[in-house]
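The values are calculated or read from the model by the stated rules, or taken from the named source; none is laboratory data. This structure is a prediction, so every number in the text was calculated from the model and none was measured. A quick note on method: Cβ atoms are made from the backbone with ideal geometry, for glycine too, and the neighbour counts reach across all protein chains shown. Please note that ligands, DNA and RNA were not included when accessible areas were found on the heavy atoms of the full protein model with its side chains. Shrake-Rupley method; radii C 1.70, N 1.55, O 1.52, S 1.80 Å.
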Amino acid sequence: MSGFDALPDEERREWLLARLGELLRRADWQQFVCTPIVLPRPEFFPDRFTRSASGVLRLIRRLFRYADLELAAEVELYEGRPPPSQLTGASYHHEGAAGLFLGIDGEVAYFGVDLALLDDPGGITATLAHEVAHAFRTHHALCEDDRDLEEALTDLTTVFLGFGVLNANAALRHRSQAIHDGTFRSQWSVQRIGYLSPQELCFALAVQIYARGTGREAVEACLETNQASWFRAAMRWLARERPGLEGELGLPPPETWPAPDSVAKLTRPLGDTHDELEVDVPIAPALPEKVANVGRPVFRVWRRQRADQAMLALPIAIAGLLACVWAATVHDAWIAVAVVVTAGAIGLLGRRWRPCCSEPECRVLLTRASTTCPGCGGSVAGDIERAEDRLAAEEALRLRAGDRSGRS
């Protein structure tokens, strides 16, 4: 299958339908048709998320509730190298995995999460949905010995559990990043998360929605642009080629299905645990190596902040326009006054200067009282007019320090 195909090839479509049917026979089929499709909206994730182990634990417990997993959970945060696991049922993961299911011991499921994932809400939610699917498969003795097959079936299980939108969106993500290096540049990147292709996940999600006969509009509205087009293509194919899909999957007649689970019930407060009663201590973000200037002098450079200027200029311009409208009802001469006052206010705004770090790869805003840059850790040694003068200022600082030591 090429990256431009809207549907998986015929062999993969048949494989996905067969594996979904098998999963429905081995697990509780009601989960597939009665549990809400979890959408990336605040109402589905009402819990407070913090950049800490407690914040991750709350997210895992919420996903457990959607997956109907009555297990306790523990999470370990790591940086770069995953922690080892000796637990029975632990999954195999590739080097550098951002999230891990470490296994189940008694009634407790253990997970690991890379610190780098905590700054990516969509990524951590989809990653943990995949790991919770691992826990579900382990808890219900569904696991396969073949690692690659098990990972693909775990992706399929995320759809079964109602996490299909989360993981379909995460399976292919286009992201841009603004970089400030004196000028603003934009970088685009493509990120893949998961083992099934995004088209395969969208196909499986379409099978679930087609079998239910409801929920298409809400799902489609929450899918990324490419994923939405693949989902629509799969829905059209199913309507044309699989009109009797429920029977093919082994589902009973829809009129015998129980009532759908209530979103309000599943999103009720989790309740405090011992871990959550503890104070969350957010983990300080690690400084990138290229801007780590701890122990080195940096300087304040006074610069105009274009973003601040634009943000404040807009309401001033709107106020000026309203003043002109009012002036027109009084006397034409007042229109000129309103225009002059508005232009003067915007002009004064353009003179607003704020201090920032002199390092080109940092440029974090400082205050007059700052002694250490919060962005790169450098020691603020004074003010300079231009960032280009920082090396000369640093050299002058060293010379003055040498003179003082020589005189002493």
(request) Any chance you could count how many residues in the range 199-220 are surrounded by fewer than 24 Cβ atoms within 10 Å (Cβ to Cβ), without any contact (Cβ under 8 Å) to a residue 40 or more places away in the chain and in contact with a helix residue (DSSP H, G or I) (Cβ under 8 Å, 6 or more places away or on another chain)? (result) 3
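Considering only residues that are under 17 Å from residue 143 (Cα atoms) and part of a helix (DSSP H, G or I), which ones fall in the range 16-28?
Step one: list which residues in the range 16-28 are under 17 Å from residue 143 (Cα atoms), which gives 16, 18-28.
Passing the criteria: 16, 18, 19, 20, 21, 22, 23, 24, 25, 26.
Determine, yes or no, whether residue 104 is surrounded by 15 or more Cβ atoms within 10 Å (Cβ to Cβ) and touching a residue at least 40 places away in the same chain (Cβ under 8 Å). Before the answer, list the steps.
Values: surrounded by 15 or more Cβ atoms within 10 Å (Cβ to Cβ): yes; touching a residue at least 40 places away in the same chain (Cβ under 8 Å): no.
Criteria not met by residue 104.
Would you check which residues across the range 221-231 are under 20 Å from residue 162 (Cβ atoms) and either open to solvent by 60 Å² or more (accessible area, probe 1.4 Å) or not small (Gly, Ala, Ser) (or both) and list them? Write out each step before concluding.
Applying the first criterion (under 20 Å from residue 162 (Cβ atoms)) to the range 221-231 yields 221-224, 227-228, 230-231.
Listed by number, the residues that qualify are 221, 222, 223, 224, 227, 230, 231.
Residue by residue, here is whether (1) modelled with pLDDT under 70; (2) open to solvent by less than 30 Å² (accessible area, probe 1.4 Å); (3) farther than 30 Å from residue 77 by Cβ holds:
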{"residue": "282", "(1), (2), (3)": "yes, no, no"}
{"residue": "299", "(1), (2), (3)": "no, yes, yes"}
{"residue": "339", "(1), (2), (3)": "no, no, yes"}
{"residue": "349", "(1), (2), (3)": "yes, yes, yes"}
{"residue": "382", "(1), (2), (3)": "no, yes, yes"}
{"residue": "385", "(1), (2), (3)": "no, no, yes"}
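With respect to residue 25, determine if the residue is under 16 Å from residue 125 (Cα atoms) and of a type in the set (Lys, Arg). Outline the logic, then answer.
Values: under 16 Å from residue 125 (Cα atoms): no; of a type in the set (Lys, Arg): yes.
Against the criterion (under 16 Å from residue 125 (Cα atoms) and of a type in the set (Lys, Arg)), residue 25 does not qualify.
With the structure loaded, tell me whether residue 327 is at pLDDT below 70, within 30 Å of residue 387 (Cβ to Cβ) and assigned to a helix (DSSP H, G or I) or whether it fails that test.
Values: at pLDDT below 70: yes; within 30 Å of residue 387 (Cβ to Cβ): no; assigned to a helix (DSSP H, G or I): yes.
Criteria not met by residue 327.
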(request) Report yes if residue 276 is under 28 Å from the mean Cα position of the chain (by Cα) and modelled with pLDDT under 90, otherwise no. (result) yes
(request) Go through the range 351-380 residue by residue and tally those that are at pLDDT below 75 and not in a loop (DSSP other than H, G, I, E, B). (result) 2
(message) Suppose we keep only residues that are of a type in the set (S, T, N, Q) and surrounded by fewer than 19 Cβ atoms within 10 Å (Cβ to Cβ) within the range 1-49. Which one would you say is nearest to the chain's Cα centre (by Cα)?
(response) 2
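For residue 91, indicate whether it is under 26 Å from residue 162 (Cβ atoms), open to solvent by 20 Å² or more (accessible area, probe 1.4 Å) and at pLDDT below 85.
Working: under 26 Å from residue 162 (Cβ atoms): yes; open to solvent by 20 Å² or more (accessible area, probe 1.4 Å): yes; at pLDDT below 85: yes.
Yes.
Please go through the range 146-181 and give me each residue that is modelled with pLDDT of 85 or more, outside any helix (DSSP H, G or I) and closer than 16 Å to residue 195 by Cα, ordered by number.
Our first condition is that a residue be modelled with pLDDT of 85 or more; within the range 146-181, this holds for 146-170.
Within this subset, residues satisfying the condition of being outside any helix (DSSP H, G or I) are 146, 161-163.
The answer is 146, 163.
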(message) Looking at residue 334 and the list (1) at pLDDT 75 or above; (2) open to solvent by 50 Å² or more (accessible area, probe 1.4 Å); (3) over 16 Å from residue 302 (Cα atoms); (4) in contact with a Cys (Cβ under 9 Å, 6 or more places away or on another chain), which single condition is not satisfied?
(response) (1)
(request) Give the range 369-388 a look and list any residue that's over 13 Å from residue 295 (Cα atoms) and touching a residue at least 40 places away in the same chain (Cβ under 8 Å), or say none. (result) 370, 375, 382, 383, 384, 385, 386, 387
(message) Considering only residues that are within 14 Å of the chain's Cα centre (by Cα) and open to solvent by 30 Å² or more (accessible area, probe 1.4 Å), which ones fall in the range 107-154?
(response) 115, 116, 119, 120, 121, 122
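Collect the residues in the range 232-244 that are in a helix (DSSP H, G or I) and surrounded by fewer than 19 Cβ atoms within 10 Å (Cβ to Cβ), keeping them in residue-number order.
Residues of the range 232-244 in a helix (DSSP H, G or I): 232-241.
Passing the criteria: 232, 233, 236, 237, 239, 240, 241.
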